[in-house]
1. Give the label of the value calculated from the structure for P(r) over Cα pairs in 10 Å bins from 0, in percent, choosing from [x] 17, 54, 27, 1; [y] 13, 33, 33, 13, 6, 2; [z] 16, 45, 34, 5.
2. At a 1.4 Å probe radius, carbon and sulfur cover how many percent of the accessible area of the chain?
3. Skip the ligands, DNA and RNA, and give the accessible area per residue of the chain with a 1.4 Å probe, whole Å².
4. Out of the range 30-90, which trypsin sites (Lys or Arg not before Pro) are coil in DSSP terms and have no more than 14 other C-beta atoms within 10 Å?
5. Out of the chain, which GluC sites (Glu not before Pro) are coil in DSSP terms and have no more than 16 other C-beta atoms within 10 Å?
6. Can you tell me, using C-alpha contacts under 8 Å and at least 6 residues apart, the relative contact order of the range 26-90 as a whole percent?
Amino acid sequence: SGRGRAEIGDQAFEVGPGDFMGFTAPGEAHHLINPYDEDLVYLMGGERSGLEIGHFPRLGRKIVFSGSGIYAVDDASLAPLNFGDFLAKD
């Protein structure tokens, strides 16, 4: 019930009762907001694995969900790493 706005990539769509949205992983960044006065009630489903990474381009960060906690990483602090460097000991 109610209505909201789905922001998918650079586009915005009004959503309401009976609407369905499905997203693949990896997929385009998406965000659901309710700028209206009445509550938006919706059913959400998905898969939970042992490790998930969510990208939040507007915030410039990635969120890592793991069994040991939730961690935020700023995109600006990410650096490429090859496998040999990963295995190297200091």
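1. Here the calculated entry is [y].
2. About 55 percent, which is the carbon plus sulfur part of the accessible surface.
3. Per residue, the chain has 86 Å² of solvent-accessible surface.
4. Values: sites: Arg48, Arg58, Arg61, Lys62, Lys89; in loops: Arg48, Arg58, Lys89.
Passing sites in the range 30-90 are Arg48, Arg58, Lys89.
5. Values: sites: Glu7, Glu14, Glu28, Glu38, Glu47, Glu52; in loops: Glu28, Glu38, Glu47.
Of the GluC sites (Glu not before Pro), the ones in loops of the chain whose Cβ has at most 16 other Cβ atoms within 10 Å are Glu28, Glu38, Glu47.
6. Details: 47 pairs, mean separation 11.9, N = 65.
Result for the range 26-90 is 18 percent.
The values are calculated or read from the model by the stated rules, or taken from the named source; none is laboratory data. For clarity, every value in this text was computed on a predicted model and none was experimentally measured. Cβ: placed from backbone, ideal geometry, glycine included. Neighbour counts: every protein chain shown. Surface accessibility is based on the protein's heavy atoms, side chains included, excluding ligands, DNA and RNA. Shrake-Rupley method; radii C 1.70, N 1.55, O 1.52, S 1.80 Å.
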